[in-house]
């Protein structure tokens, strides 16, 4: 029996007591989450010596074990307020495993992704059938809630068979439909848990060069995970996606209220028989007798069938079409939930007189739980109090996303609660303290708009919690995608747990400079993707703010790391001083922590070009290959100092022309002041002026400005004293050439900025129609991404055999 450590202690205690578990297998770090347990506890990470002292010889087979012995118990939601344990025998599990092996055509060349939590029975289908044929099972080290993480795992591990919930399949398939290349090694996708809408399936099957086979799976826990399968054919255009036909030794009947078979096209309750049936419910004989009834259609004595409570009908082609639930049981994000269990727990709250829970869909088709509450006389119900009450009894996926306060429940003529009338009442969020706080600046306004759209709300306050407003893991995925698409920020999903309000998330984005001006040398703008990473060394002007635009333009398959130029002024001596060679050595160390061996891909912008040049030199001296070294409008060492006077004048004229009409004189005035500062003041004064001119500098604390100033002081000093050596390799130089193309006569005497003098290989020249300061900013970021793609390495093919 699997125990999810994230479940409430009361639920875990009930399961342990209900099963009378004699031995609990766990880890030391999880003991504090467990309720009181009187049996024997074995900690794998604490009892290693004790375990190792036992005999390694396999025990002799127990003759009392048969095909009808119990294999496992899985707990599902129960309508009485307590979960119910489903008992599955070895015969049923064996039937499923061999049927899945044959249906999915599993071989020892497959790599199957074990995605589901161990407390969810689908995890068994993702592990046991592949192991039967010697295939690789790739275990998820954590619950992948981010579609980018899922995509990265598929590509990194060369997954050939993927089994995921319906909602996550919809989100991941959108990436492929929108143009992202589907992994060639992925041959089979199994999706299940909820009804599959036809529109995304038709779009998916229409993807060019579609190679992966798509299968729609259906089955309850009581029939051992999977009962029917529907392989979606090429050219699928039906109005609904069937759940297919029975697999293995399963039998399926669609019966009316008198247990008579329904004709083709007529709906009825779906019943399941055959060898996949569970033994019944643990310690629940009455419920077992109600749900597991005699099978009148079987010739086997004592055969039973399970009443699923699902409405279905046969199509003319013999496939079964799922039509919904007959009772109050619903499926949300793959979890089967008894609404009555939630209602029973809510009714235990002292301020609740009556409670009804329904599942309703928002405008985007996302199904959520809504609680309808009648309070006891004079009672005031606070949302926080109600959520705390539910957390003590139910897992998070069973918590209502929103609530509706009622004076009385609407009743039908039968005297029962009119649930259809309840659905007509819009959800509201009770217990909000005071008036919602409106957005206070442009960033909060943009985030609020995205949050409201994703959560299906008209308004929300900047201090309202995402999760209190009904957000959940899959909604969080959609929120991150929309923030990236609409606002350009590529935020890890974990940020939402740290900053669950608009106000806190905006604050995190504003203070990103203050956070990166610490110990990190390289900042992951985009850490995921199958391609070799790109390392960019920016200039001193705060490009770290705009480089997330380049990360979005390059796509989620291209890892991108950026030098934190403001991390070299810390307290330790190794980073508060040093030559450019020492700074580059620190960068090389961090690069090789991310990518142990070459070929490496480097790019340096402006001031960062000289640092990238020394990093490349050190990598080559270490015997590493350089796949690409690109200078983004960065001059060679000593270029401006050694250039003839005519070249210097032309360069300044070109820069002045970039300022626009009427701004040239102001530019020359600033340059004269800059020259005076460089000539008469210390590098610290120079770095202070640059630090104060950074984007959003006024929002940073004084200590953050000081840290950035110290770092720039170190880098400026090392940059000015650098003595370069020739580079024995190739180099790409990208020039910001807008001025050259639109201002006749204003040209550079050396379009290669002196690099041909230093580079003993080839120098490839590229042009980007913009000014120097615009290279990394939209819309030039998209054009730069296009140039980079021509030089960046392609993703490696998966090594399925060598890393087995």
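The values are calculated or read from the model by the stated rules, or taken from the named source; none is laboratory data. These figures come from a predicted structure and were not determined experimentally. As a convention, Cβ positions derive from the backbone with ideal geometry for all residues, glycine included, and neighbour counts pool all protein chains shown.
Quick look at the numbers
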| item | result |
| --- | --- |
| Scan of segment 22-37 for residues that are surrounded by 11 or more Cβ atoms within 10 Å (Cβ to Cβ) and part of a loop (DSSP other than H, G, I, E, B), ordered by number | 27, 34, 35, 37 |
| Scope segment 38-58; condition exposed (fewer than 12 other Cβ atoms within 10 Å of the Cβ) and closer than 23 Å to residue 124 by Cβ; matching residues | 44, 58 |
| Filter pass, residue 131 being touching a strand residue (DSSP E or B) at 6+ places or on another chain (Cβ under 7 Å), part of a helix (DSSP H, G or I) and either in the same structural domain as residue 477 (by TED's automatic domain parsing) or within 23 Å of residue 97 (Cα to Cα) (or both) | yes |
| Residue ID - surrounded by the most Cβ atoms within 10 Å (Cβ to Cβ), chosen from residues in segment 241-276 that are touching a helix residue (DSSP H, G or I) at 6+ places or on another chain (Cβ under 6 Å) and assigned to a loop (DSSP other than H, G, I, E, B) | 276 |
| Residue among 12, 34 that alone is under 32 Å from the mean Cα position of the chain (by Cα), free of Cβ contacts under 8 Å to residues at least 24 places away in the same chain and within 23 Å of residue 82 (Cβ to Cβ) | 12 |
| Subset of segment 223-249 [in contact (Cβ under 8 Å) with a residue 60 or more places away in the chain and under 15 Å from residue 192 (Cβ atoms)] | 223, 224, 225, 226, 228, 229, 230, 242, 243, 244, 245, 247 |
| Residue match in segment 604-627 (condition: in a strand (DSSP E or B) and surrounded by fewer than 22 Cβ atoms within 10 Å (Cβ to Cβ)) | yes |
| All helices (runs of 4 or more DSSP H) inside segment 701-804 with 1 or more residues being modelled with pLDDT under 75 and either assigned by TED's automatic domain parsing to the domain that holds residue 532 or out of contact with any strand residue (DSSP E or B) (no Cβ under 8 Å at 6 or more places or on another chain) (or both) | 702-720, 738-742 |
| Residue count, segment 379-436 (criterion: within 22 Å of residue 459 (Cα to Cα) and at pLDDT below 75) | 16 |
| Close pairs (8 angstrom Cβ cut-off, 6 or more residues apart or separate chains): outside the structural domain of residue 394 (by TED's automatic domain parsing) in segment 349-369, at pLDDT 85 or above and not in a loop (DSSP other than H, G, I, E, B) anywhere | none |
| Count of segment 104-126 residues which are at pLDDT 95 or above and surrounded by fewer than 20 Cβ atoms within 10 Å (Cβ to Cβ) | 4 |
| Strands (runs of 3 or more DSSP E) completely within segment 171-237 that count 1 or more residues being within 24 Å of the chain's Cα centre (by Cα) | 188-192, 213-218 |
| Helices (runs of 4 or more DSSP H) (entirely within segment 487-548) containing at least 1 residues that are over 26 Å from residue 596 (Cα atoms) and at pLDDT 75 or above | 494-498, 502-510 |
| Exclusive hit being in contact (Cβ under 8 Å) with a residue 60 or more places away in the chain and in contact with a helix residue (DSSP H, G or I) (Cβ under 8 Å, 6 or more places away or on another chain), set 73, 42 | 73 |
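Residue-by-condition table, conditions (1) in contact with a helix residue (DSSP H, G or I) (Cβ under 9 Å, 6 or more places away or on another chain); (2) surrounded by fewer than 18 Cβ atoms within 10 Å (Cβ to Cβ):
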{"position": "370", "(1), (2)": "yes, no"}
{"position": "379", "(1), (2)": "no, yes"}
{"position": "400", "(1), (2)": "yes, no"}
{"position": "403", "(1), (2)": "yes, no"}
{"position": "410", "(1), (2)": "yes, yes"}
